[in-house]
Amino acid sequence: MIALSVNLNKIALIRNSRDTANPDVPLHAQMCIDAGANGITVHPRPDQRHIRARDCFDLAQMLSVEFNIEGNPFSGPRKSERAGVGDYPGFMELVRAVRPAQCTLVPDTEQQLTSDHGFDLRRDGERIAPILAELRALGIRSSLFMDPDPAQMPLAAQAGADRVELYTETYARACEKRENVEAVFGRFVEAAQAATRAGLGINAGHDLDLHNLPRFATLPGLLEVSIGHALTVDAIRLGLAAAIKAYQRALSS
């Protein structure tokens, strides 16, 4: 079974548009779990524009499913500029304190609207290896956000990663335009096969939705998908529980 981990960033983004606790992030996490989600994902950033550091602690205390925290391991502490919002302690400090089941390392910057590329381990491998070693020592499964480049998969294993999360925007765009879908998907198959040969588990995420997910779910060795934006949009139309069930069906169709 492919695990569905629901990203709650957009729930937090709606909350942060007002000085309120509504919508409540842990409550919506529990709603996702009750509807059949296999995990919960968050991606805190230093500006805390959606998920905040406090949310990570609150979720860790109540979750009965796997907790996945994504982020840039090189982002440091930052003082909050907004009243009522706690300071950001730095990504690795947050992970050390929360101890999620999985930590997905992503090379994003504060200026990015969303994640838009994977690690280049030819350049970053030596820098990332000690962080992966620390995660393993902490008992946290590690995953590296990676473009579907088969040549990079052995480098991820050499650096010490447990899994890779394949960045799926190119596949989503090909499906949206109905252009070169099989060729683009074939690249992901090659990357997945290379990851498996290297001993890595395979996750995936970014712009997967109800339309493109059934095809992607046939990817060899796929263990987990992390979906937030599209699922939240579908929840507005269908209701949260119905949206979760629809995504589970898409993964198993």
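Considering (1) without any contact (Cβ under 8 Å) to a residue 40 or more places away in the chain; (2) buried (at least 20 other Cβ atoms within 10 Å of the Cβ); (3) not charged (D, E, K, R), the lone condition that GLY239 does not fulfil carries the number (2).
In the range 61-91, how many are assigned to a strand (DSSP E or B) and either farther than 19 Å from ALA101 by Cβ or in contact (Cβ under 8 Å) with a residue 40 or more places away in the chain (or both)? Explain how you work it out, then say what you get.
The initial filter retains those residues of the range 61-91 that are assigned to a strand (DSSP E or B), namely 66-71, 78, 88.
Okay, now just the ones that are also either farther than 19 Å from ALA101 by Cβ or in contact (Cβ under 8 Å) with a residue 40 or more places away in the chain (or both), so 66, 68, 70, 78, 88.
The qualifying residues number 5.
For the range 168-176, does any single residue satisfy the condition of being among the basic types (Lys, Arg), over 14 Å from ALA192 (Cβ atoms) and modelled with pLDDT of 95 or more? Even if it seems obvious, please write down each step before you answer.
Just the residues of the range 168-176 that are among the basic types (Lys, Arg), to begin with: 173.
Of the ones still in play, those that are also over 14 Å from ALA192 (Cβ atoms) are 173.
Next cut, modelled with pLDDT of 95 or more only: 173.
Checked the range 168-176: at least one residue is among the basic types (Lys, Arg), over 14 Å from ALA192 (Cβ atoms) and modelled with pLDDT of 95 or more.
Remark: pairs (first residue in the range 205-221, at positive phi; second residue surrounded by fewer than 18 Cβ atoms within 10 Å (Cβ to Cβ) and of a type in the set (Val, Ile, Thr); Cβ separation under 6 Å; 6+ apart in sequence or on different chains) = GLY221/THR196.
The numbered conditions (1) surrounded by fewer than 22 Cβ atoms within 10 Å (Cβ to Cβ); (2) of a type outside the set (Val, Ile, Thr); (3) closer than 30 Å to SER253 by Cα; (4) free of Cβ contacts under 8 Å to residues at least 40 places away in the same chain are all true for ALA101 except (4). Being free of Cβ contacts under 8 Å to residues at least 60 places away in the same chain, surrounded by fewer than 21 Cβ atoms within 10 Å (Cβ to Cβ) and of a type outside the set (Gly, Ala, Ser) is the requirement here; does LEU94 meet it? It is true that LEU94 is free of Cβ contacts under 8 Å to residues at least 60 places away in the same chain, surrounded by fewer than 21 Cβ atoms within 10 Å (Cβ to Cβ) and of a type outside the set (Gly, Ala, Ser). For the range 228-246, state whether one or more residues are under 20 Å from ALA37 (Cα atoms) and in a loop (DSSP other than H, G, I, E, B). Looking through the range 228-246, at least one residue is under 20 Å from ALA37 (Cα atoms) and in a loop (DSSP other than H, G, I, E, B).
The values are calculated or read from the model by the stated rules, or taken from the named source; none is laboratory data. The model shown is predicted, which means the values in this text are computed figures rather than measured ones. All Cβ positions, glycine included, derive from the backbone under ideal geometry; neighbour counts span all protein chains shown.
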